[in-house]
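Scroll down for the structure; my scribbles are underneath it.
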Amino acid sequence: MAGVGVRRGETQLVAGVDWRVEVDERWVVLGPNGAGKTTLLRLAGAEMHPTTGTVDVLGERLGKVDVFELRTRLGFCTAALGNRIPVDEKVLDVVVSAGYAVLGRWREQYDQLDTGRAEDLLKALGIGHLAERTFGTLSEGERKRTLISRALMTDPELLLLDEPAAGLDLGGREDLVARLTDLAADADAPTSILVTHHVEEIPPGYTHLMLMAQGGVVAQGLIDDVLTSDNLSSAFGQQLALTRADDRFFARRRA
Ligand SMILES: Nc1ncnc2c1ncn2[C@@H]1O[C@H](COP(=O)(O)OP(=O)(O)OP(=O)(O)O)[C@@H](O)[C@H]1O
C-alpha cells in the first residue's frame, strides 16, 4: 500500500498508510476499536478500493485487476462470512465448497482429493471429529476453526484473518492461538495477516506488527521492535504495561 486513504462521506476510515508485506511474513494488525484495522484487511482482500493511493495485492494493482480472479488466490476468514453459512451445512462441506467459491453445497459429489484435503485441514485445526456435524451445532471456537480450514482449502497465497479469537472463552482462545502457532511454523503455510485488539492473541511465530489508531499507523515493523509499552500506550490512549512470557504477550493498565 502506498499513500493509502479510504474516505466514506465525511469520514476518513484510514489515511496515509504505507505498508509492504513480503512473502513468508506473518503480520498482526493491532489497534483499538475503530482504528481502521478491518479497512486495511478489506483492502488487502481486494474487497474495497482505496480513495487515494495505490494497493498492490500479490503483484496486482487494485483497480486494474479482475478482483474476482484475484480473490481466488486469497483465503479470507471473517465473522461476516460465518454468519452467511447456513446452520444446516455440514462442516466438511463448508470447507470443501471453498474450492468452488460458493457457500453451500451445490455439487453432489466433490472430488475425493478435495474431500481428503478438507479432512486433513479440519484435523490440523483439531476438529477432524466434527466433519459430519452441521455448522449450526458447533461452538464459537469450533466455527472459527472451521472457517480457518475453509480459508486454507484453496491453498491461498495470502491468508487474512479478521479477529479469529473474538467471542472465544479463555480455553478456546488458547487453543486457537496454539493452532495458529502450528500454522505459522509450517513452511508451506501462506503469508498471513491477522487482525486483533488483544496482544494476548498474537501467536508465537508471527513476525511483524502494524499498530494502528484513529485511521493511521502508530508504528510498524518487526514485532520485537514495535510491540513496546510506549507504542501500545500511544495506540490505546492509556498507560499500558506490556509483559512477555514464553513468546506470548500480555498487557494491562499501569497502576
Ligand atoms: N461505510 C462507512 N461509513 C462511515 N464510516 C465508516 C464506514 N465503514 C467504517 N467506518 C468507520 O471507520 C472507522 C474504521 O473502521 P474499521 O472497521 O476499519 O475499524 P476497526 O479497527 O476494524 O474497528 P473494530 O476493532 O471495532 O472492528 C470506524 O470508526 C468506523 O465507524
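Per-residue answers, yes or no, for (1) without any contact (Cβ under 8 Å) to a residue 40 or more places away in the chain; (2) at positive phi:
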position	(1), (2)
ASP182	no, no
PRO190	no, no
LEU194	no, no
LEU211	no, no
VAL217	no, no
SER233	yes, no
GLY237	no, yes
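Can you find a residue that is more than 18 Å from ARG145 (Cα to Cα), polar (S, T, N, Q) and not in a strand (DSSP E or B) anywhere in the range 178-185? Checked against the condition, which is being more than 18 Å from ARG145 (Cα to Cα), polar (S, T, N, Q) and not in a strand (DSSP E or B), the range 178-185 yields no hits at all.
Kindly provide the set of residues from the range 14-55 that are part of a helix (DSSP H, G or I) and more than 9 Å from the ligand (Cβ to nearest atom), ordered by number. Hits for the range 14-55 are LEU43, ALA44. Does ALA165 qualify as being surrounded by fewer than 20 Cβ atoms within 10 Å (Cβ to Cβ), in a loop (DSSP other than H, G, I, E, B), touching a residue at least 12 places away in the same chain (Cβ under 8 Å) and in contact with a helix residue (DSSP H, G or I) (Cβ under 7 Å, 6 or more places away or on another chain)? So ALA165 does not fit the description; no. Of the listed requirements (1) in the same structural domain as GLY34 (by TED's automatic domain parsing); (2) farther than 16 Å from LYS37 by Cβ; (3) modelled with pLDDT under 95, ALA165 misses just one: (2).
The values are calculated or read from the model by the stated rules, or taken from the named source; none is laboratory data. Worth saying up front: this structure is predicted, and the values here are computed from it rather than measured. A quick note on method: Cβ atoms are made from the backbone with ideal geometry, for glycine too, and the neighbour counts reach across all protein chains shown.
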